[in-house]
Structure formats: structure tokens, C-alpha cells
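The values are calculated or read from the model by the stated rules, or taken from the named source; none is laboratory data. Keep in mind it's a predicted model, so treat the numbers as computed, not measured. Quick reminder, even Gly has a Cβ in these numbers, built from the backbone with ideal geometry, and neighbours come from all protein chains shown. Only protein heavy atoms, including side chains, enter the accessible area calculation; ligands, DNA and RNA are left aside. Shrake-Rupley method; radii C 1.70, N 1.55, O 1.52, S 1.80 Å.
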Amino acid sequence: MDTIPSRYNPKETEDKWYALWQEQEFFRACPDKAKKPYCIVIPPPNVTGILHMGHALNNSIQDILMRYHRMKGFESLWMPGTDHAGIATQNVVEKAIAKEGLRRNDLRREQFIERVWQWKEQYGSTIIKQLKKLGASCDWQRLRFTMDEEYSKAVVEVFVRLFEKGLIYQGSYIINWCPRCATALSDEEAPHHELQGNLYYLKYPYKRDPAKFVVVATTRPETMLGDTAVAVNPKDKRYKKAVGQTLILPLANRQIPIIADAMVDMKFGTGAVKVTPAHDPNDYLIGKKHGLACINVMFPDGRLNEQAGDYNGMDRFEAREVIVEDLKEQGLLEKIDPHPLSAGHCYRCHTIIEPYLSKQWFVKMKLLAKPAIEAVKKGKVKFYPKRWTKVYLDWMENIQDWCISRQIWWGHRIPVYYCNQCLEAGKSKMSNPKLKINSKFQNSKHENGIIVSRSKPEKCPKCGSTDIYQDEDVLDTWFSSWLWPFATFYWPFDALNAERATQNANDLKYFYPTSALVTAPEIIFFWVARMIMAGLEFMKEVPFKDVYIHGTVRDIEGKKMSKSLGNIIDPLEIINEYGADALRFSLISITSQGQDVYLSKDRFEQGRNFANKIWNASRLVLMNLDPGRARADLCVFFKKESLSVVNRWILSRLYSTLKEVERSFSEYRFNEAANLLYSFFWHDFCDWYLEVIKADIRNTHNQVVMYKVLEKFLRAMHPCMPFITEEIWHLLPGATDSIMRQSWPHIQEQIIDKKLEKEAESLFSVVTHIRNLRAQLGIALDQAVVVSVYPHTVSKRKLVEEYASLITNMAKLQTVYSLSHNKRPVRAISSVTEDVDIYLHSEGVIDADKEKEKLVLKIQELRKLAHAKEARLANNDFVTRAPAEVVAKEKEGLAELSGTLARLEKMAKELA
RNA sequence: GGGCAUUUAGCUCAGUUGGUUAGAGCGCUACACUCACAUUGUAGAGGCCAGAGGUUCAAGUCCUCUAAUGCCCACCA
């Protein structure tokens with residue numbers, strides 16, 4: 001046993017055990033009717049991703065839940081996979097090919113997609129490897145990818161079903177357009193951020209009298225070339241006469257009307273607003289109401305187009321400057337006021353989005369949202385912490401239609417086909433039903449010529465023409481992710497042979513609804529809410545019962561960790577330096593429910609140190625088990641009464657701790673569980689128990705108990721720290737199998753004895769007091785001293801006398817005398833516990849004044865407490881209204897305090 | 001403009017349904033390398049629980065207001 005090194009080295013153990021677990025298929029989960037299912041689907045990381053601290057936290061939590069439930073006897077499935085992450089991945093690959101001097105459009109679509117697949121093959125498994133490093137116990141045989149062939153079938157199926165149900169429609173609306181990514185974005189993908197802008201006051205001259213103007217205020221003057229009206233509030237007296245008149249749009253020299261609309265806020269700006277239906281969602285609504293034309297003045301890349309005349313080809317922000325300059329020259333700029341405004345930003349590349357009129361596909365959400373709202377209200381899905389319920393409900397109750405088409409190449413192609421012949425026949429002038437520049441306002445459905453189909457049709461079902469082409473757009477990534485809890489089981493099974501179809505249907509039936517979803521608050525809308533809707537729509541059942549929302553990982557200054565800020569702490573670096581167990585434990589121990597996590601690197605030392613502590617305590621235990629002792633000898637059961645107080649104490653502490661840990665896990669209080677285990681092991685087991693029994697460590701009872709406690713602790717600890725617990729498990733005598741396959745320790749309630757815990761701890765407190773006295777006098781440890789104690793109760797006297805050697809050993813004494821009288825010995829300094837007077841005999845001179853001062857301070861402190869209690873007990877309201885047990889406790893406390901006080905006062909008198 | 005969260009030791013944070021001497025880790029001070037562990041041990045210092053009101057026998061905990069910080073949502077051009 002002395003071959004065990006004194007430091008735990010995670011590098012020597014982690015990969016070894018992970019390989020074994022995988023080889024033995026311990027992560028595999030298959031329906032087992034004898035067992036209850038437990039299932040978590042992983043939030044699929046982006047296939048382009050690399051593991052960051054957020055992942056580390058997220059997956060540590062999931063792995064703890066998985067391992068815990070597995071040990072608790074559940075058939076436990078952790079479904080792994082990755083997300084194709086349309087825009088994100090496309091951007092990454094575009095950057096990669098840019099290094100070869102290529103742009104996306106230099107390649108054909110198929111070529112580009114081929115490049116993405118290549119990229120995926122090469123780098124797509126990075127994050128999976130990293131999750132393995134972390135210890136993630138996913139059923140890797142089930143690894144899924146949102147662009148898998150079968151998964152794609154699910155996506156198409158869902159699109160078709162929703163279309164047939166009338167919940168998917170195509171239409172021209174103002175959407176969020178990212179000019180850099182050249183695609184539409186959903187509202188959720190275009191979060192608003194405040195930025196410092198200007199409010200430009202522009203003068204639009206009247207046609208009748210060009211010397212007179214209406215002044216409009218705008219933050220985006222470059223869109224003025226697309227203005228088709230100026231609107232005022234009908235109640236606005238300033239503009240009473242103006243309504244109906246015609247203005248000359250400067251620079252463009254077009255005539256535009258002044259219209260009245262209640263949407264206009266009289267208090268803002270000048271009360272007159274320029275109306276640009278093609279470039280602003282509100283203006284669009286006004287335009288629609290008043291039948292205004294939509295003039296799109298921009299190319300999809302954010303440059304002004306030919307509609308902008310002289311400004312054609314100019315970038316939108318450059319054009320802003322130039323247009324303002326030109327207006328100024330013409331005397332048509334009244335003023336510029338600084339004005340903070342908030343604008344949508346592309347969540348992928350952070351470019352300011354452009355509200356842009358285009359034809360897109362949408363999902364009607366109201367109908368889907370309804371049952372999903374109900375489900376949460378009825379508690380079929382529960383959020384932890386609870387407060388997210390409200391966030392979810394607020395969003396769901398105000399849900400907007402979901403723009404699902406994206407003008408990129410990497411993703412699920414929209415299963416919509418167009419028949420050229422029917423389109424022609426349908427008098428549609430659109431040669432390309434996609435982006436129209438400067439088309440007149442349209443809201444047609446183009447029912448004619450549109451074919452929505454699960455597979456590419458050979459010919460048009462209407463006219464039989466083969467002149468058919470597929471919609472160029474792909475679907476929003478989340479339109480596939482929202483199916484994750486059931487599509488990962490190969491739903492709708494069509495792509496499978498009969499045998500596999502049956503098997504997967506069984507799996508789905510067994511594991512769905514899944515048990516818990518663990519994720520970050522950022523994606524409640526993107527993902528969680530939509531999964532609930534999809535689950536209810538297609539499975540007729542919620543996708544998960546619990547949603548645990550953990551905090552965001554931030555750096556020590558509270559900033560979100562991100563590459564661009566350069567404040568990343570790389571989890572792999574931490575694993576390399578401190579070990580995966582240390583990483584996991586440290587993360588868990590500081591994640592109180594739903595709070596953000598502020599991290600600095602030194603936090604991981606705690607985990608590392610704890611691992612080392614476990615390692616060394618185990619060493620001590622192992623080194624002191626009799627060599628021949630078989631496992632069976634160590635599993636014997638002793639009658640409680642035959643065990644020493646200390647043995648009974650540690651067992652009681654073990655089970656009370658485990659009981660609390662269980663409760664913490666069930667409430668998703670991981671930090672609490674971690675800290676309970678930590679404090680039990682370090683302080684109770686190591687600091688007291690092992691130190692106490694060291695003197696007689698080969699005693700049979702002691703061997704059995706220390707073994708038992710260690711063994712159970714390891715099992716309890718395994719979900720948090722899987723590697724080190726496995727390593728030590730195999731060092732235990734007679735170890736077979738893996739700790740993963742053991743059950744989580746059963747809690748033996750009958751062994752929990754709170755009174756006994758207190759008694760043992762009062763014994764320990766005598767030791768602490770003596771150590772304190774030693775430290776006060778600066779007595780070195782090798783200087784054996786003599787102590788006398790006077791216990792004030794019979795039972796304590798018995799305890800102290802029985803465990804005199806414990807006190808002697810732990811406080812490094814020569815002897816401890818139990819006094820039969822409570823008279824202060826000469827040449828001694830004193831201390832008092834609740835019911836034991838302690839005197840440490842000193843050879844040297846005792847400073848009586850100092851000793852007295854100490855006593856007086858203590859007396860004062862206790863008196864204050866006693867007075868407070870007296871006052872409380874004297875209060876009739878308290879005595880009559882507080883629960884009897886609280887009053888009783890208070891009385892007890894006062895009695896104890898009074899006793900102690902009396903003793904202290906007597907001591908003080910003796911000193912005088 | 002709405003909503004949520006946070007404010008407790010020098011630092012980072014725990015503190016369940018109110019119950020009475022407010023805890024942990026790190027850091028700090030003093031002492032200690034006798035063989036489980038210096039990634040350690042022993043002892044200690046350190047808190048008007050953001051502020052002001054209120055409810056209650058009892059408030060870090062519940063209510064109201066205020067302040068600071070952070071986050072989310074929202075079409076003031």
C-alpha cells in the first residue's frame with residue numbers, strides 16, 4: 001500500500017477509467033420495464049464549438065444528475081448530439097475558405113455545402129472529445145446531429161404537417177435583416193442593444209410653397225429616399241391644415257403626401273414622422289393601412305441600390321453621412337441632436353440589423369403557444385428556479401410569428417417547390433419569388449404554383465409540368481433544434497427499416513417525456529419554449545418535466561466570458577492542470593441555484609485540494625486495513641451499542657449528511673450537496689474521526705467503520721467526482737466491477753442520532769478548548785502538559801472519563817485529571833465549555849490579571865445573551881404566542897447560560 | 001418604458017418554510033513538516049446582513065419605499 005503516491009494525479013487515472021466505462025458500455029441505456037426511466041437530452045453544442053466554461057458547468061450538472069440517477073436504479077439515458085448551427089457554422093467555414101482567397105459565391109452551393117461537411121468531419125468531433133474529457137456519461141452510440149439524414153426527415157415532416165395545418169405561411173414583411181450574413185433573422189436572433197446615435201431633423205418643403213417645410217425627425221436619414229409619406233397625429237393641431245397636402249421629398253424630388261395616423265406620437269421629435277414602409281416595421285403598418293408604395297432603397301448587403309439615385313452603391317452608414325451633408329448644403333437640415341437609441345444586432349456577427357422588406361416563411365405561433373402555456377401553468381413542466389416560469393409565460397403570451405427562412409446555404413432546405421408553369425399561369429410577374437427589389441406592396445400567398453412536399457416532386461401535381469425548382473432558402477437552425485427531445489429517437493421512423501423503427505419507437509415511448517432539461521437562461525425563448533410547443537404538437541406530451549436553468553459563467557469582474565474579451569478560462573486547461581474532478585467539483589460548489597457564476601482560476605484549487613484530501617484520507621484507511629482482511633470482514637454489521645461514541649458519531653454524521661445530500665439533489669441544489677459532502681469528509685471524517693481513531697486504528701471496530709464510511713462516501717461522491725472515486729474504489733480490498741455500477745448509498749435512518757452527534761461534539765469541544773489554551777500560552781506540541789477538568793453533569797463526567805485518552809491524544813497532553821471538586825487549581829489557566837471547566841496547569845507564572853480580564857470579557861458577552869433571553873421570556877407575548885418548543889428551547893438556553901455564567905463568576909472571584 | 005435578479009467577513013459567495021451566539025472557501029495573523037495529506041494541520045482575528053420605514057412575540061429571511069449594480073424584454077421615428 002505504500003506504493004500509493006502522496007499526491008493524487010488525475011492524469012494517470014482519468015482517461016483510463018473513461019475508456020473502461022465506454023468499453024463496458026456503462027453509459028448505454030435501453031428500455032427496461034423493471035426500471036424507471038431517467039432521461040436528459042443534451043443541449044446540442046454547435047458543431048463548430050469548442051468547450052467553454054458554460055459548457056463545462058452545463059454538462060457537469062447533467063452528468064451529476066445522470067450518474068446519480070443511474071446509481072439510484074433508474075435506467076438512465078443521456079442523449080448526446082451536436083447542432084448544425086446554420087449561420088454560425090456557415091460563417092466559420094466562410095472564414096476558412098477566405099484564407100484560400102475564396103468567397104462563398106465563388107463556389108456553387110453544392111460545393112460550399114461539401115466544404116461545410118468536410119469541415120464538420122474534421123472539427124465536428126472536437127467538442128465531443130472535450131465532453132468526454134469532462135467525464136460526460138452520454139450514451140455515445142446514440143450520438144445525433146441535426147443534419148443527419150433521419151433527423152432531416154423529422155424537420156421536413158414537421159414543416160409539411162404545420163403547412164398542411166395552415167400554420168406555416170409565406171409573406172412579405174419587414175424582418176430583421178443582417179446585411180453581413182445576408183439573411184433574415186428571427187426577432188430572437190436580433191437582440192436590441194443601446195447605442196449612441198443622433199436624431200436628425202430634416203426639412204421637407206411643401207409642393208405649393210417650397211419656402212415652407214415640415215420638419216421630420218429621424219435616426220436613419222439614409223432611408224429617406226424610400227419615404228412615401230409623412231405622417232402626423234390626427235389630433236395634432238400644429239398640422240391640422242397640413243394633412244392632405246403634398247411635400248417634395250428632397251434629393252429624390254418625389255411628391256409625397258402628408259397623412260394622418262393615430263400611431264404617430266405627438267410628443268416625439270416634431271410630431272411629424274417620415275414614412276418608409278420598406279425599411280421600418282411601423283412605417284410598414286402605416287403604409288399598409290394607407291395604401292402607400294414600398295420603395296426598397298437597399299441591396300441585401302446594406303448598400304443603397306439604384307432606387308437611391310446618386311447614392312447607389314454607397315454603404316448605408318456612409319450614405320447617412322453624405323445625405324446629411326447634402327441636405328445641409330441645401331439648407332434642409334434643421335439640426336442634429338444626440339439621441340440614444342436601441343437597435344437590433346445580429347446575434348452571430350453583431351452587425352446592426354436592417355429592418356428589411358422581404359418575402360419569408362413564417363410559423364403562426366399563437367395556436368402552438370396555447371397548450372404550451374397551459375402545460376406550464378398546470379405544472380407539467382416546472383422551472384427551477386421558479387422565477388423563469390414568469391419569463392416564459394410573458395413571452396409566450398405575447399408571442400409573435402416566427403420567421404423561419406434563412407438566406408444561407410448550410411441548413412435544412414425548405415421543402416417547398418415551385419412550378420414555373422403554374423406561377424406563370426397564375427399571372428405572377430415574379431420570375432423569382434424571393435427578394436423583390438422595389439416591388440409594389442404584396443401580400444399574396446401564391447397558392448398557385450407552390451408545392452409543399454416531403455420529397456422532391458417529379459412533376460407538378462396540378463399541371464404536370466416538370467419545370468420545378470426548390471425554394472432556395474434554408475430553415476432557421478432552431479426549427480430543427482425544437483424537435484430535439486423526440487427527433488433524436490429517429491422520429492418519425494420513416495427512414496428506418498421495420499426492425500429499427502419498432503426499436504426506436506419503443507425507446508421513444510420509454511424515455512419520452514424526458515426527465516429534466518439543463519440549460520442557460522439565454523435560450524429559454526430560442527429553444528426551451530419552442531421544444532415545449534413542438535413536443536405538445538407532435539408528441540401530444542411535454543418534452544421534459546423539469547427545466548433547470550443555471551447561471552451564466554462570468555469572469556471575476558462580472559463580464560460574460562467570451563473569446564473577444566479575452567477573459568476566457570479554458571476548461572481543458574483546468575482539466576489538464578487540476579483534473580476533471582476538480583473542475584467539476586469547483587464549478588458545482590459555487591453554483592447556487594440560478595445565480596451567475598463568477599470565476600477566477602484560483603477557484604479550482606479548492607476542487608484540486610479536495611481531491612487530494614480524499615486521496616490521502618483513503619491512503620490512510622487503506623494503509624491501515626489489515627492486509628488479510630477480506631471485503632466480507634469489512635462489511636460486518638455491529639450492534640450500535642457495541643460501538644464507541646466516536647464510531648457511532650461518524651456513522652450518524654454520514655447518514656445525516658447523505659440524507660441532506662439526497663434532498664439537495666432532488667431540489668437541484670448542487671452547491672449545497674457538494675458543500676455538505678465536502679464538509680462532512682474534510683471536517684468530520686478527516687479532522688476528527690480519523691485523527692481520533694488513529695491511536696487505535698487497527699481495532700476491528702475502527703477498521704470496519706472507517707472502511708464503511710469511506711466506501712459509502714466514495715459512492716455518494718461519485719456523481720460529482722467520477723474519476724477519483726473510481727480510482728480509489730479499485731484500491732479497496734476485494735474491489736470488483738466499477739463504482740459506476742454500485743447503488744448510491746442507502747440511508748440507514750436508525751443510525752442517525754442527533755443527540756449522540758451533539759454529545760460527541762461536546763467532547764471534541766473540550767479538546768478544542770484545551771488546544772486554545774495551549775496556543776494562548778504558546779506551549780509547543782512536544783511539551784506534554786497536564787490538564788484538569790471538572791464536568792458539571794454526571795453524564796459528561798462519565799463521557800470525559802471514558803474518553804480521557806481521546807482528550808489526551810487529541811490535545812497532546814500528558815494526562816487529564818477529572819476533578820471531584822470545582823475548586824480552581826493553583827497555577828492554571830482556565831476555560832469553560834457548556835458544562836466542563838477546564839484548567840491547564842502551567843509551570844510558569846500565571847498572569848492573574850490577564851486571566852481575569854479574559855474571564856470578565858467572557859462574562860460580559862454571555863450576560864448580554866442571557867439578558868436578551870430573560871427579556872424574551874419575560875415577554876408575555878412571546879411566551880404565549882411563540883410555539884412551545886421555541887419557548888422551551890429558549891428556557892433551556894437560558895438555564896445553560898446561567899449555569900455557565902455562575903461558574904465563570906465563581907472563577908473570577910477565586911482569582912481576585 | 002416594463003420585468004427580473006443582486007447588495008451578508010478584505011475577496012467570492014451560502015444562508016430552505018421567520019425561531020435568536022449569522023456560515024463556507026480563499027485571503028490574513030500566530031504556531032507546527034512525529035510517516036495520510038504543506039494541495040496539510042492547530043488556534044485565531046474579521047459582519048449595525050445596502051439604506052429607511054412597516055408587519056410580527058421574533059426579521060439577514062416577509063411587505064413598502066430608496067439607492068447602487070447587472071441581466072432580460074419593448075416598434076418612441
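Tell me which residues, restricted to segment A:686-717, are touching an Asp or Glu at 6+ places or on another chain (Cβ under 7 Å) and open to solvent by less than 10 Å² (accessible area, probe 1.4 Å).
Within segment A:686-717, just A:Gln703 meets the criteria.
Within segment A:768-809, track down each residue that is open to solvent by 50 Å² or more (accessible area, probe 1.4 Å), more than 9 Å from RNA strand B (Cβ to nearest atom) and part of a helix (DSSP H, G or I).
Within segment A:768-809, A:Leu777, A:Val794, A:Ser795, A:Arg797, A:Lys798, A:Glu801, A:Glu802, A:Ser805, A:Asn809 meet the criteria.
Filter segment A:836-884 down to residues that are among the hydrophobic types (A, V, I, L, M, F, W, C), closer than 20 Å to A:Leu904 by Cβ and within 9 Å of RNA strand B (Cβ to nearest atom) and give me whichever is most open to solvent (accessible area, probe 1.4 Å).
From segment A:836-884, those among the hydrophobic types (A, V, I, L, M, F, W, C) are A:836, A:838, A:840, A:845-846, A:848, A:855-857, A:859, A:862, A:865-866, A:868, A:871, A:873-874, A:878-879, A:882, A:884; that's our starting set.
In the following step, the residues that additionally are closer than 20 Å to A:Leu904 by Cβ were identified as A:836, A:838, A:840, A:846, A:848, A:855-857, A:859, A:862, A:865-866, A:868.
Then keep just the ones that are within 9 Å of RNA strand B (Cβ to nearest atom); that gives A:862, A:865, A:868.
Values: A:Leu862: 19, A:Leu865: 89, A:Ala868: 40 Å².
Looking at residues that are among the hydrophobic types (A, V, I, L, M, F, W, C), closer than 20 Å to A:Leu904 by Cβ and within 9 Å of RNA strand B (Cβ to nearest atom), I get A:Leu865.
Yes or no, residue by residue, for (1) touching a residue at least 60 places away in the same chain (Cβ under 8 Å); (2) open to solvent by 10 Å² or more (accessible area, probe 1.4 Å); (3) in a strand (DSSP E or B):
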| residue | (1), (2), (3) |
| --- | --- |
| A:Ala211 | no, yes, no |
| A:Ala231 | no, no, yes |
| A:Pro234 | no, yes, no |
| A:Val243 | no, yes, no |
| A:Met266 | no, yes, no |
| A:Asn296 | yes, no, no |
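Step by step: first the residues of segment A:885-908, then only those that are open to solvent by less than 40 Å² (accessible area, probe 1.4 Å) and among the hydrophobic types (A, V, I, L, M, F, W, C), then the one that is farthest from A:Ala828 (Cα to Cα). Which residue is that?
A:Val887
Going through segment A:304-334 one residue at a time, which ones are open to solvent by 40 Å² or more (accessible area, probe 1.4 Å), within 11 Å of A:Glu222 (Cα to Cα) and either touching a residue at least 24 places away in the same chain (Cβ under 8 Å) or within 14 Å of RNA strand B (Cβ to nearest atom) (or both)?
Scanning segment A:304-334 gives A:Phe317, A:Arg320.
Are there any pairs with C-beta distances below 7 angstrom linking a residue in segment A:668-681 that is in a loop (DSSP other than H, G, I, E, B) to a residue that is open to solvent by 40 Å² or more (accessible area, probe 1.4 Å) and near RNA strand B (Cβ under 9 Å from one of its atoms), with the two at least 6 apart or on different chains, and if so which?
Taking only residues 6 or more apart or on different chains, the pairs are A:Tyr668/A:Gln593; A:Arg669/A:Gln593.
Restricting to segment A:482-497, name every residue that is open to solvent by 40 Å² or more (accessible area, probe 1.4 Å) and either acidic (Asp, Glu) or touching a residue at least 24 places away in the same chain (Cβ under 8 Å) (or both).
Once the filter is applied, which keeps residues that are open to solvent by 40 Å² or more (accessible area, probe 1.4 Å) and either acidic (Asp, Glu) or touching a residue at least 24 places away in the same chain (Cβ under 8 Å) (or both), segment A:482-497 yields A:Tyr490, A:Asp494, A:Ala495.
Just name the residue that is farthest from A:Asp849 (Cα to Cα) out of those in segment A:885-912 that are under 48 Å from the mean Cα position of the chain (by Cα) and more than 10 Å from RNA strand B (Cβ to nearest atom).
Start the filter on segment A:885-912 by keeping residues that are under 48 Å from the mean Cα position of the chain (by Cα), which leaves A:885-894, A:896-897.
From what's left, more than 10 Å from RNA strand B (Cβ to nearest atom): A:888, A:891-892.
Working: A:Ala888: 38, A:Lys891: 34, A:Glu892: 33 Å.
Only one residue tops the list, namely A:Ala888.
Only residues that are in a loop (DSSP other than H, G, I, E, B), in contact with a helix residue (DSSP H, G or I) (Cβ under 7 Å, 6 or more places away or on another chain) and more than 8 Å from RNA strand B (Cβ to nearest atom): list them for segment A:378-403, please.
A:Val381, A:Ile399
Could you list, ordered by first residue, the pairs with Cβ atoms under 8 Å in which the first is in segment A:858-873 and on the phi > 0 side of the Ramachandran plot and the second is more than 9 Å from RNA strand B (Cβ to nearest atom), at least 6 apart or interchain?
Partner pairs satisfying both residue conditions: none exist.
Looking only at residues in segment A:608-639 that are under 30 Å from A:Leu57 (Cβ atoms) and without any contact (Cβ under 8 Å) to a residue 60 or more places away in the chain, which one is most open to solvent (accessible area, probe 1.4 Å)?
In this case the residue turns out to be A:Arg608.
So which residues in segment A:718-732 are open to solvent by 10 Å² or more (accessible area, probe 1.4 Å) and either more than 25 Å from A:Gly579 (Cβ to Cβ) or part of a helix (DSSP H, G or I) (or both), if there are any at all? So that I can check it myself, show each step before the final result.
So in segment A:718-732, the residues open to solvent by 10 Å² or more (accessible area, probe 1.4 Å) come out as A:727, A:730-731.
Scanning segment A:718-732 gives a single hit, A:Glu727.
If the Cβ limit is 7 Å and pairs must be 6+ apart or interchain, which residue in segment A:576-603 that is within 10 Å of RNA strand B (Cβ to nearest atom) pairs with which residue that is in a loop (DSSP other than H, G, I, E, B) and open to solvent by less than 10 Å² (accessible area, probe 1.4 Å)?
A:Thr591/A:His550; A:Thr591/A:Gly551; A:Gly594/A:His550; A:Gly594/A:Gly551; A:Gln595/A:Gly551; A:Asp596/A:Gly551; A:Val597/A:Gly551; A:Val597/A:Thr591
Have a look at A:Ser186, A:Ser172 and point out the one that is among the polar types (S, T, N, Q) and more than 16 Å from RNA strand B (Cβ to nearest atom). I'd like the intermediate steps shown before the answer.
Values: A:Ser186 fails: more than 16 Å from RNA strand B (Cβ to nearest atom).
Step by step, each of A:Ser186, A:Ser172 is checked, and only A:Ser172 is among the polar types (S, T, N, Q) and more than 16 Å from RNA strand B (Cβ to nearest atom).
How many residues, within segment A:248-264, are assigned to a strand (DSSP E or B) and within 15 Å of RNA strand B (Cβ to nearest atom)?
Counting residues in segment A:248-264 that are assigned to a strand (DSSP E or B) and within 15 Å of RNA strand B (Cβ to nearest atom) gives 5.
When segment A:335-353 is examined, which residues are found to be open to solvent by less than 40 Å² (accessible area, probe 1.4 Å), out of contact with any Gly (no Cβ under 7 Å at 6 or more places or on another chain) and part of a strand (DSSP E or B)?
Of everything in segment A:335-353, those that are open to solvent by less than 40 Å² (accessible area, probe 1.4 Å), out of contact with any Gly (no Cβ under 7 Å at 6 or more places or on another chain) and part of a strand (DSSP E or B) turn out to be A:Ala343, A:Gly344, A:His345.
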